[in-house]
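The values are calculated or read from the model by the stated rules, or taken from the named source; none is laboratory data. Keep in mind it's a predicted model, so treat the numbers as computed, not measured. Glycine also receives a Cβ, built like all others from the backbone with ideal geometry; neighbour counts cover every protein chain displayed. Heads up: the accessible areas ignore ligands, DNA and RNA and are worked out on the full protein's heavy atoms, side chains in. Shrake-Rupley method; radii C 1.70, N 1.55, O 1.52, S 1.80 Å.
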Amino acid sequence: MFSNNLSIFAEAFGSEREGEQKERLVLMGKEQVEVLNALDVAKTQWYHFTAIIVAGMGFFTDAYDLFCISLVTKLLGRIYYHVDGDAKPGSLPPNVSAAVNGVAFIGTLSGQLFFGWLGDKMGRKKVYGMTLMLMVVASIASGLSFGRDAKTVMTTLCFFRFWLGFGIGGDYPLSATIMSEYSNKKTRGAFIAAVFAMQGFGILAGGVFAIIMSSIFKAQFDSPPYEVDPLGSTVPQADYLWRIILIVGALPAAMTYYSRLKMPETARYTALVAKNMEQAAADMSKVMQMEIRAEPKKEDEKKSFGLFSKEFMSRHGLHLLGTTSTWFLLDIAFYSQNLFQKDIFSAIGWIPPAKTMNAIEEVFRIARAQTLIALCSTVPGYWFTVAFIDIIGRFAIQLMGFFFMTVFMFALAIPYDHWTLKENRIGFVVIYSLTFFFANFGPNATTFVVPAEIFPARFRSTCHGISSASGKLGAIVGSFGFLYLAQNQDPRKTDAGYPAGIGVRNSLLVLGVVNILGFICTFMVPEAKGRSLEEISGEQEEEV
């Protein structure tokens, strides 16, 4: 299909005549991605950047919606679980806290599997708008969770956050697949990683917005600390604060909904899966603003093998095992790190004891701490990956990330008693931040990129959905398994409602071992740098 568009290729690079370019492409065989290479580097072309923004805003919303709940869980506890006469402010019971935080993960896992499969059956474009609209509606509904008593509000909040997660889950395989199929082989990794990197800005935006809103509420509805006036420390208007923070997550998604509807189906899906060369040529002509002739349909096509068939398992079984296992192990370590934030924030004085603050001030302090961590380690890590992924490759970045995460986990765990001393707190925070940095300049980004590159077009969205769902399963293990595991070994020193665990130090040692396993499993994943999607997936050997 794309071999007829050699003039575009020559125009973009300006280094070869059309005849020379045609001869080179014929020698290279059936590499339909060549025209995408030409358009990718042509600076006059704007659609690649539009695709990054449109797909990236979905991930911006994903991160905002998933992480903003951690900013308001303390507030929910104060509002709905206050106990008269208690020395400490109300907090969410363990089962309620697990439900509020975990139900979105369960929804995400389900959405990744369902929409990943649907994206290969119905096409990327048709399903893309569904996921975004579901996110918009569920974000608004989460903030409007009705009821006055704790049980009703938490039940409706969990219900709507499940569907929010379901929509977010669909965004993973579809955004990655669409971006990979629009990109060229030279900068494809950076473009897909840039979409994923918008998560960092989403986390940052959630923190900044919470800071602004809590500052406004504090100025308007100031109240005494809990230890001075337990009941008066949580003003009635605080119930609006958490709702506003959740609802605003719908805005960036709604702003890009129309743009998603206007995006044409990817040419690879139309040509390789739907087998409609004429439509693929028409879509690409519109996007590139160039005339592209359709490639004649082949009559001697081979029979395609199916997903999980013997042929699929022999070609891609090890790859799928590699992408699922590495994402699973990475998310155990990545999401469990959030467990230690409260200890770190308290240790360095970013968050004083809860009883010394009113409800709104506590939201402000938590948001400020999360924003600083995001600004100093999370966001830079994402964009280091964007900058270097097409230079040093996915494989090297993933190995490096797992290696340094292991090193820093052990550096925190082995001398843990040393880090608990007041004079060593800053060092603890630096090392803790570096684990986040190398997670993002490492496997947290590459596990998202690689599954969108190494599988055939007809399975690409499904396999990415399976890989990302495996990661979300790891997130559930990391967030909730380690929530219990990291409890103090002394039952008298555990958090309210939790049994004794193995302690923070031993939990960090376990996470170090998890990272070592991630390092080993990386060797099952092939390097995709500088290769076309059809070359990587083996589709050049099949029908094209």
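For the condition within 25 Å of SER470 (Cα to Cα), open to solvent by less than 30 Å² (accessible area, probe 1.4 Å) and at pLDDT 90 or above, what is the one hit in GLY381, GLY393?
On inspection, the qualifying residue turns out to be GLY393.
Can you tell me which of LYS151, LYS121 is free of Cβ contacts under 8 Å to residues at least 60 places away in the same chain and either of a type in the set (A, V, I, L, M, F, W, C) or under 30 Å from PRO225 (Cα atoms) (or both)?
LYS151
Enumerate the pairs (first residue in region 433-444 and closer than 11 Å to ILE397 by Cβ; second residue anywhere and of a type in the set (D, E, K, R)) with beta-carbon separation below 9 Å, excluding pairs fewer than 6 apart on the same chain, so at least 6 apart or on different chains.
ASN444/ASP331
Say we look at region 256-284 and pick out the residues that are assigned to a helix (DSSP H, G or I) and among the polar types (S, T, N, Q); which of these is modelled with the highest pLDDT?
Among residues in region 256-284 that are assigned to a helix (DSSP H, G or I) and among the polar types (S, T, N, Q), the one modelled with the highest pLDDT is SER259.
Of the conditions (1) closer than 25 Å to ARG124 by Cα; (2) in a helix (DSSP H, G or I); (3) among the hydrophobic types (A, V, I, L, M, F, W, C), PHE455 satisfies every one except a single condition; which number is it?
It is condition (2) that PHE455 fails.
Output the number of residues of region 404-423 satisfying the condition of being out of contact with any Lys or Arg (no Cβ under 9 Å at 6 or more places or on another chain), in a helix (DSSP H, G or I) and modelled with pLDDT of 80 or more.
Matching residues across region 404-423 total 9.
Among the residues of region 507-520, which ones are open to solvent by 30 Å² or more (accessible area, probe 1.4 Å) and touching a residue at least 60 places away in the same chain (Cβ under 8 Å)?
If the condition is that a residue be open to solvent by 30 Å² or more (accessible area, probe 1.4 Å) and touching a residue at least 60 places away in the same chain (Cβ under 8 Å), then LEU509, ILE516, LEU517, PHE519 are the ones that fit.
Of the residues in region 249-260, how many are touching a residue at least 60 places away in the same chain (Cβ under 8 Å) and more than 18 Å from GLU181 (Cβ to Cβ)?
8
Please verify whether region 399-414 includes one or more residues that are surrounded by fewer than 17 Cβ atoms within 10 Å (Cβ to Cβ) and polar (S, T, N, Q).
No - not one qualifying residue is present in region 399-414.
For region 179-201, what are the residues that are more than 14 Å from PHE448 (Cβ to Cβ) and either free of Cβ contacts under 8 Å to residues at least 12 places away in the same chain or β-branched (Val, Ile, Thr) (or both)?
THR187
Right, GLY129: under 24 Å from SER470 (Cβ atoms) and either under 16 Å from the mean Cα position of the chain (by Cα) or in contact (Cβ under 8 Å) with a residue 60 or more places away in the chain (or both) or not?
no
With the requirement that a residue be hydrophobic (A, V, I, L, M, F, W, C) and buried (at least 16 other Cβ atoms within 10 Å of the Cβ), what does region 209-235 give you?
Those that are hydrophobic (A, V, I, L, M, F, W, C) and buried (at least 16 other Cβ atoms within 10 Å of the Cβ): PHE209, ALA210, ILE211, MET213, PHE217, PHE221, VAL235.
Which condition from (1) open to solvent by 20 Å² or more (accessible area, probe 1.4 Å); (2) farther than 30 Å from ILE79 by Cα; (3) of a type outside the set (Val, Ile, Thr); (4) at pLDDT below 85 is the one that TYR432 breaks?
Condition not satisfied by TYR432: (1).
So that you can scan it fast, the table gives a plain yes or no per residue for (1) within 15 Å of LEU330 (Cβ to Cβ); (2) surrounded by fewer than 24 Cβ atoms within 10 Å (Cβ to Cβ):
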{"site": "GLY442", "(1), (2)": "yes, no"}
{"site": "ALA445", "(1), (2)": "yes, no"}
{"site": "VAL449", "(1), (2)": "yes, no"}
{"site": "ARG460", "(1), (2)": "no, no"}
{"site": "LEU473", "(1), (2)": "yes, yes"}
{"site": "SER479", "(1), (2)": "yes, yes"}
{"site": "LEU485", "(1), (2)": "no, yes"}
{"site": "GLN489", "(1), (2)": "no, yes"}
{"site": "ALA500", "(1), (2)": "no, yes"}
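Test GLU301 against the criterion of being open to solvent by less than 70 Å² (accessible area, probe 1.4 Å), at pLDDT below 70 and not hydrophobic (A, V, I, L, M, F, W, C), and give yes or no.
Taking the combined requirement at face value, the residue does not satisfy it.
If the requirement is being buried (at least 24 other Cβ atoms within 10 Å of the Cβ), at pLDDT 90 or above, of a type in the set (Gly, Ala, Ser) and in contact with a Cys (Cβ under 7 Å, 6 or more places away or on another chain), which of these qualifies: GLY169, GLY206, GLY165?
Unique residue meeting the criteria: GLY206.
Residue by residue through region 64-103, note down the ones that are among the aliphatic types (A, V, I, L, M) and open to solvent by less than 10 Å² (accessible area, probe 1.4 Å).
ILE69, LEU71, VAL72, LEU75, LEU76, VAL100
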